[in-house]
Amino acid sequence: MGPALAWGVSLLGGLVMTVAAHAADLGTIRIGVLQFGTVNWELDVIKHHGLDAKEGFELEMVGFAGNDAADVALMGEAVDGIVEDWLWVSRLRADGVALTFIPYSSSVGALMVAADGGIESLADLEGKRLGIAGGPLDKSWLLIQAVAREQGVDLAEVTELVYGAPPLLAEKFKSGELDAVINYWHYAARLEAGGDKRLLDVTQAQEGLGVPADTPQLGYVFREQWADEHPDLVQAFARASRAAKVIMDESDEEWERLRELTRAEDDATLDALKRRYREGIVRSWGERERAAAGQLYAVLAELGGEQLVGSSPVLVDGTFWSGVSY
C-alpha cells in the first residue's frame, strides 16, 4: 500500500470513528436526586467510571431537598427523571399524567426491634410504641398489617402508633422512645449495624401475601412523551445503571470508595448498607416481574383503597416503559 493510499485509509478510518462518535452522542440526561438519597451512590459510580460516556451520553445530577420538590421538577421539565415508585406512576396515569417507569431497586424496608427487647413475634408488639415512616398509608405499613392480621393481630388496634420522618423515628427508636419502627431499608440497615434486629422484612411480608420478594418497587420515572422521544438515551441510561450495579455487586473496593458518600460511621454500617443494597438489585425485568408488580398493586389496592391507589383498581397500562427489558 503506497503512502498516499495508506493516508487515505487512515483518514477514512478517522472519519468513520468521528461519525460514529457523533452518532453515539445522545445528549444529557438530568436525574433529580435528594441530597442524601441512596440513588446518589449508583449515579456516582456511573460518573466515576465514565459509564455514561461509554454509552454516549452525559449524566447530570440535580439535587433537591425533598420528594415534593423533585416531583414538581419532573412535571415542570426541569429534570428528565427522578426516583419514585410505580404506584405513584400508575396513580398519576389514571389521572391523565403520562409518566412511565424503569426499575431501580426492590429494597423497601423492615420492621425493626431491639435485639434484647423481648419482641420475638408480631403478637409481642401488643401494647408497644410502634414508629411508622411514611404515614398511615405507607405501603410497608399496610403490608405488615396484612401479615399480622393473618396471624390474628390487629397492629393498628393493639399498638401505640407514632408517625414521623425516617431519621427522626430512627433516633427515637435508638433512644428507647419507640419499641419498634417500620423504616426505609437504609435506616433499617444502620440499625442492624448497631445490633438491632429485623422482626419482619417488607419483602417477607410481600411473600406472605403471595408476591415474589424480588418484585421491584422503586424506579427511574420519566415523562412518557420525553422517553418516547429519546428512546436511545433512556436505554443507554438503563444500561449504565445496570453496569454500575454490577460494579457495586462485585467490588468491595468500590464501597470503600463510596464510604464517605454513604455516611457510614463505621465498618459494620458500611457492610450492612452494602449487603442490603445488593439484595435489592433487580436481576431481571420482564413479563414475570411486571405481572408480579400488578399482583402487588392488587394487594395494595385492597389494603389501602382509593386513598392509596387512586381511581384505578388495577395497575394502569403504560406504567412500565416498554423499551427496557432484561
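Extension gain for residue 322 to residue 291 (0.36 nm times residue separation, less C-alpha to C-alpha distance): 9.8 nm. Positive contributions from Lys and Arg (+1) and negative ones from Asp and Glu (-1), summed over other residues with Cβ under 14 Å from the Cβ of residue 325, come out at +3.
For the stretch 109-208, the relative contact order is 48 percent, taking Cα pairs closer than 8 Å that sit 6 or more residues apart in sequence and dividing their mean separation by the residue count. Given their separation in residues at 0.36 nm each and the Cα-Cα distance between them, residue 174 and residue 261 gain 29.0 nm when the chain is fully extended.
From Cα pairs below 8 angstrom and at least 6 apart in sequence, can you work out the relative contact order of the chain, rounded to a whole percent? 25 percent. Working from label points 7 Å from Cα in the Cα-to-Cβ sense, the residue 151 to residue 124 distance is 1.0 nm.
Using the 2.2 N^0.38 Å rule of thumb for compact globular proteins, work out how the stretch 109-208 stacks up: its C-alpha Rg over that value, please. That ratio works out to 0.93. The Cβ shell under 11 Å around residue 91 holds other residues with a net charge of -3, Lys and Arg each +1, Asp and Glu each -1.
Measuring against 25 Å, Cα to Cα, the residue pairs 174/245; 139/197; 47/274; 47/197 contain 174/245; 47/197 as the ones spanning a longer distance. Placing a label point 7 Å from the Cα of residue 225 along the Cα-to-Cβ direction, the residues of the stretch 76-109 whose backbone N falls under 20 Å of that point are 76-82, 89-102.
Going by the alpha-carbon gyration tensor, a ≥ b ≥ c the square roots of its eigenvalues, is the stretch 180-326 rounded (a/c under 1.5) or, if a/c is not under 1.5, prolate (a/b greater than b/c) versus oblate? Here the stretch 180-326 falls in the oblate category. Between residue 158 and residue 298, the modelled labels are 2.9 nm apart [label points 7 Å from Cα along Cα→Cβ]. Compute the separation of the alpha-carbon centres of the stretch 290-326 and the stretch 23-45 and state it in Å as a whole number. If you average the Cα positions of each part, the centres end up 26 Å apart. With neighbour counts taken as other beta-carbon atoms within 10 Å, the residues 322, 241 rank, fewest first, as 322, 241.
Ordered by the number of other Cβ atoms lying within 10 Å of each residue's own Cβ, fewest first, 38, 28, 319 fall into the sequence 28, 38, 319. Estimated from helices alone, the mean residue ellipticity of the chain at 222 nm is -15500 deg cm²/dmol (sum of -39500 (n - 2.57) over DSSP H runs with n ≥ 4, per residue).
Read-outs: derived from the displayed coordinates by stated rules, not from any lab. Values in this document were obtained by computation on a predicted structure and should not be read as measured data. Here Cβ is always computed from backbone atoms with ideal geometry, including for glycine, and neighbour counts include all displayed protein chains.
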